[in-house]
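Since the structure comes first, as structure tokens, the remarks are kept for the end.
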Amino acid sequence: MGIRPKIFLIFFAFGVVPVLVLVYVNHLNGVEAVERVLRADLEHEMALVAKGVEARQREQEESLKELARLPALRAYVQSAKQTGTSTPTPKPKPTQTGAPVNIPSTEPAADTEAAAVPGDVRAEINAFLKSKYYAGVTCLSVDRRVLVQFEIDSRANAGEAVRYRTRDFLSNGNADERVWSVGEITPLRAPPALVPTGMILRYTVPVFVSEEGASARRGALVTDMKVDALFSRSAGGLAESPGAVALDSETAATGAERTILALDPKGNTIYHSNPALRYQPVSSAMPTFNAVADLMLKTEGGSAFYDATGSRWLVVYRRLAQADASLAVAGNYSTAVGSLRSRGFVSLVLALLIGILTAVILSVVVGRTARSIERVTEGAVAIAGGQLDQRIEVRSSDETRLLAESFNIMTDRLREQMAREAEMRQFQAFLRLSAMMTHDLKNAIAALSMIVSNMERHFHREEFRADAMRSLTLATDKLRAMVAKLSGPVESLSGEYKRPMPTDLVPLIQRVLDATVLQASTIRLETRLPDRLVAPVDAERIERVIENLIINALEAMGSGEGRLTVEGGEDAPGKLFFSVADTGPGMTEEFRRTRLFRAFATTKRKGVGLGLYTCREVVRAHGGQIEVESQVGSGTCFRVVLPSAADHVA
């Protein structure tokens, strides 16, 4: 994957996605806040409506008690007798406020059998009914017979008018039987009932003709309170307003915000903001509200439901014990959060578009930079491959141009440095060759010096002269080989060596011993060598290693007496060894650790310091290793381990 797709994905993952998540979380928080506010508003409105219903109900109950205490009504109840006929309507009397009341009558004026209804009684009851909370009033005598019935006539031309009946009663009053045994003026409420005029709450209140008491003589007033009027006036401007709608799709209007309804204990709608849904069972009028209605009849709290159009509503409800009903206020949650959801969707789309646009612009900018980096990378790869004449050209003005110029400068300096290092390597190779030649000359001179020093004392011995001649011949051959190397400096400086061949090391060791140790009469030689010790080596280079180790041991012991021990044999499967041990002064631990095999590090006054360094490199080149054991005052032992010829063949 290229850098541009990576940058795009990284920006999208860590730039766009977090913004989208933040917008979504903010949207959810906004929706939750709207729900909390809506629920709080519903609870507040329900409290207001419930408080209004209870207050108006108490107020009307107090008015009903005041009506039952009127002296004129008490006197009428005590003295009136039901005759089954009617009397002419007396002239209206002023009300308590002094204003005359027009009481239309539908009874025949010529009926002289009618029971007389005092004008002040008619005026008070008429004013009572004019409050529009009641559908009618029935007055019962002390012998529990109907005296008169007042009702609202909504068919009158002048609007709602009060009419009364003194005969041909439609009912016997339906008084609550408890009214004949209570000891005080107390409105007795019956459960809500549906009558032709609507849903009512029927109250029965005693009318004591004298003093109050459980056994006192009394009549009764039976009143029908209109439930819709009680709830409509308590709901205020919300009830029956254009915004108040039904919860059913058949009558629902779009844009609804609030709905108020009340249910009786049987699940009938005794009140609804939409008049079309009043006085009906919830199961048929509002099927989608059934579950909430069941909760309303059992407990208090809040819930939610979906209407037939799919809109979600929040509803809160409580029990109104005084009205024997359950009140609920519902708010359209979908309408409340509709605009918020649309704004949230627009915000998400805008955030996504802005993020994508930013990512595209970033990809274009990064693409240009990536092309510059690719050119720099190609040039760097070419330079790393050895094309030091490669030039990196970048036309941009950003950091990649500085990087390309830095590569070009680095290449120029690298070419110069490589040229200087080539010259330095040639010079160092020449110095190394000179040092090695000097070391070989030193060893040859040391061997010749031993022969010369012992010649005066042992020249008369035949065997000494024979050994001396062989040693001189070997020394001469070595000096001739060294001169040959100097004659071919190119081959010598190139480090070319012969291919390792299986070689018996015992003759090599013996030849070196003959040329060095046997000429030193004060040194005692001990050898423990097998018959054959075959290893795949370059015989000339390994012989030089053996010679260097033996001469170092002789020089360490000096001109005094000492013991030189040379051993060889099998070290491990596939390995062989030879060792050179002396009884010289030995070496310190610090010298062995820090200087022993370092080039040009020596303790000799006239030493070069390349002997052991060269020995280690030659042994390593043959796949072996050189080990050393030394103790100050006890001597030193060098042990060389090499692969055997059998392992080489395998």
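Among the residues of region 359-378, the ones that are open to solvent by 50 Å² or more (accessible area, probe 1.4 Å) and touching a helix residue (DSSP H, G or I) at 6+ places or on another chain (Cβ under 7 Å) come to 2 in all.
Would you confirm, using the coordinates I've provided, whether V337 is open to solvent by less than 50 Å² (accessible area, probe 1.4 Å), among the hydrophobic types (A, V, I, L, M, F, W, C) and touching a strand residue (DSSP E or B) at 6+ places or on another chain (Cβ under 6 Å)? Spelling it out, it is not the case that V337 is open to solvent by less than 50 Å² (accessible area, probe 1.4 Å), among the hydrophobic types (A, V, I, L, M, F, W, C) and touching a strand residue (DSSP E or B) at 6+ places or on another chain (Cβ under 6 Å).
Pairs are defined by a Cβ separation below 6 Å, a sequence spacing of at least 6 or placement on different chains, a first member in region 219-241 that is within 30 Å of V209 (Cβ to Cβ) and in a loop (DSSP other than H, G, I, E, B), and a second member that is at pLDDT below 85 and open to solvent by less than 20 Å² (accessible area, probe 1.4 Å); no pair meets this definition. Scanning region 570-601 for residues that are of a type in the set (A, V, I, L, M) and part of a loop (DSSP other than H, G, I, E, B) turns up M587, L596, A599, A601. Taking every residue in region 194-207 that is of a type in the set (G, A, S) and pairing it with any residue that is open to solvent by 60 Å² or more (accessible area, probe 1.4 Å), at least 6 positions away or on another chain, the pairs with Cβ-Cβ distances below 7 Å are G198/Y279. Applying the set (1) open to solvent by less than 80 Å² (accessible area, probe 1.4 Å); (2) among the polar types (S, T, N, Q); (3) farther than 26 Å from E257 by Cα to Q387 leaves exactly one unmet item: (1).
I'd like the residue in region 198-222 that is modelled with pLDDT under 90 and of a type in the set (S, T, Y) and, out of all such residues, is nearest to G136 (Cα to Cα). Among residues in region 198-222 that are modelled with pLDDT under 90 and of a type in the set (S, T, Y), the one nearest to G136 (Cα to Cα) is S210. In this entry, V17 passes the filter for residues that are more than 30 Å from R202 (Cβ to Cβ), modelled with pLDDT under 90 and open to solvent by less than 70 Å² (accessible area, probe 1.4 Å). In the set (1) modelled with pLDDT under 70; (2) within 30 Å of L610 (Cα to Cα); (3) open to solvent by less than 100 Å² (accessible area, probe 1.4 Å); (4) touching a helix residue (DSSP H, G or I) at 6+ places or on another chain (Cβ under 8 Å), F430 fails one condition alone, (3). Residue-level analysis places V381 among those that are in a helix (DSSP H, G or I) and surrounded by fewer than 14 Cβ atoms within 10 Å (Cβ to Cβ).
When we screen V545, V506, V534, V512 for residues that are more than 30 Å from R425 (Cα to Cα), touching a residue at least 24 places away in the same chain (Cβ under 8 Å) and open to solvent by less than 10 Å² (accessible area, probe 1.4 Å), the only hit is V512. Scanning region 156-166 for any residue that is modelled with pLDDT of 90 or more and among the charged types (D, E, K, R) turns up nothing.
Checking each residue in region 309-330 for being touching a Leu at 6+ places or on another chain (Cβ under 8 Å) and modelled with pLDDT under 85 picks out A323, D324.
The values are calculated or read from the model by the stated rules, or taken from the named source; none is laboratory data. Since the structure is predicted, the reported quantities are computational estimates derived from the model, not experimental observations. Cβ: placed from backbone, ideal geometry, glycine included. Neighbour counts: every protein chain shown. Calculation scope for accessible area: heavy atoms of the full protein, side chains included, ligands and nucleic acids excluded. Shrake-Rupley method; radii C 1.70, N 1.55, O 1.52, S 1.80 Å.
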